[in-house]
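Notes to accompany the following structure.
The values are calculated or read from the model by the stated rules, or taken from the named source; none is laboratory data. Note that the structure is a prediction, hence the values are computed from the model and not measured. So basically every Cβ, Gly included, is an ideal-geometry build from the backbone, and we count neighbours across all protein chains shown. Just the protein is used for accessible areas: all its heavy atoms, side chains included, with ligands, DNA and RNA removed. Shrake-Rupley method; radii C 1.70, N 1.55, O 1.52, S 1.80 Å.
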Amino acid sequence: MLNKKLNTISAVGKSRIQLMLEAAPTRWFVVYAAFTAFATYFCMYAFRKPFSAAEYEGLNFFNTEINLKTVLVISQIIGYALSKYIGIKICSEIPRARLAKFLIGLILFAEFALLLFGLLPEQFKVVAIFLNGLPLGMVWGSVSRYLEGRRASEVMFAGLSCSYIVSSSSVKAFGIWLMDRDRHKTVLEDWMGYRLTIRIEEWGFDQFWMPFVAGLFFLPLFIVAVYFLNQLPQPSEGDIAARSKRSVMNSSQRWAFFRTFLPAMMMLLLVYFFLTAYRDFRDNYTPEILKALGYETSPELFLKADWPVAFGVMTALACLNFFRDHRFGLIAVFGVMLFGIVLMGAATLLHDFEMITGLWWMILIGTGAYLAYVPYGAVLFERVMASTKVAGTAVFAIYLHDAIGYTGSVSIQLYKDLGQGELDYYQFLRGFTWLLCGLGLVCFVASCIYFMSKHKLAAEGEEEAIRKPAD
């Protein structure tokens, strides 16, 4: 009778979905968490990436030689990078109860900025796209807060990480479709006849209004996804015992965390500075890179270049969940990252010797880059905190790296246009690949060795604590 009353009291304030999730088998809980996180972040990309599907051909920024698209890309990245710096504090401190409203507020702000992008004069659209990036950088950290600190976090983060690999190409393909009047005409002629086609053809959207329309389409889907994501219950006692308790972090706790892992953090930050820039450059300039490789861009080509990448990365991350021992799990994470770096170099060699096509080169370097990149925002610091038993939230470490990473993205973009303007986008990306391969190999190996020493100290400390009561 007493147990029944306690269960009734504990259920107060919980929705039916939350109660079902608490009682559900682990595999179904993981599927639910991974899918809702995937859906939430996938929809977010509809507010961030469709604008880069347009080429803004022939348009320069004011009276300079700088291409308007370059300025738009940089402006959004600057806003996104600032958002990461802001998120270091906000995303590690915001209470769980306010996360859902916070997420929806971020997206509404981003959509309003896209409305300004359509309304403002051509040369002032950079302000709108900067404002668009400003809230979006905090979405990842907010979604991550729902997933971290659980026994199956690797699988859940695999689903979340898969979202931004496939969403970028998918929403850009959707953006191209919205703008492409001729494609609308061809498809509808096959099914509906010529007279109806003439009216539908006029629905092709201007390249400056297309991002706002894409956002309107995904806004209801985003709100629904956040609602279901917010139904996830807090980590259970079993989760806390397996992964350590996750709590909000104030400024002194954040600084203590950074000092604790200073040497490895500096090496990881250095690689991430260039790795984020590499991933962003490949992503934002996919149409230009594919053109330089001899391809005619189309929605189908975007999907071919990125969907195989998502499958490979998701599989690799999901397999990390099989490592229950945190020491071996952390080694496995670094193994995945190192394999990604090696794959990028191997793919470039194969393409140089004409053993693979340009499309396959894009697929393989994309897979390698994401294998090295994704663990930073997913399982790397999750395993670091679990193995070293450091209190706090992995979101802080993730956002610290993201802030530095997107600063690198802006810097490399400016360097390309101002210092390497004679190179086309493919030539620049090829040289960038070799730089990243050398740097990544050295820093990843050294960081792994350092964290292993920290794990050993934590294990010895636990053994000492167990022996003292016995003494």
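Global dimensions of the chain from alpha-carbon coordinates: Rg and Dmax equal 23.3, 91 Å. Accessible area per residue was computed with a 1.4 Å probe on protein heavy atoms; Lys172 scores about 0 Å². Just so you know, the Cα atoms of the range 336-409 work out to an Rg and Dmax of 15.7, 50 Å.
With protein chains left intact and a 1.4 Å probe, residues in the chain average 44 Å² of accessible area per residue. The largest-to-smallest principal axis extents of the Cα set in the range 67-158 are 50, 24, 21 Å. Expressed per residue, the C-alpha convex hull volume of the range 1-135 stands at 131 Å³.
Only DSSP H runs of four or more residues enter the estimate; each adds -39500 (n - 2.57), and after division by the residues of the chain the mean residue ellipticity at 222 nm equals -26500 deg cm²/dmol.
The accessible area of Met138, taken with all protein chains in place and a 1.4 Å probe, comes to roughly 20 Å². Summary value for the range 9-145: 31 percent relative contact order, contacts being C-alpha pairs under 8 angstrom separated by 6+ residues.
For the range 282-328, state which GluC sites (Glu not before Pro) are in a DSSP loop and have at most 15 other beta carbons lying within 10 Å of their beta carbon. The qualifying sites are Glu296.
Within the accessible area of the chain, the carbon and sulfur atoms contribute 67%, probe 1.4 Å, all protein chains present. A run of the chain free of exposed loop cleavage sites, with chymotrypsin sites (Phe, Trp or Tyr not before Pro) counted only in DSSP states other than H, G, I, E and B and at most 12 other beta carbons within 10 Å, reaches its longest extent at 204-352.
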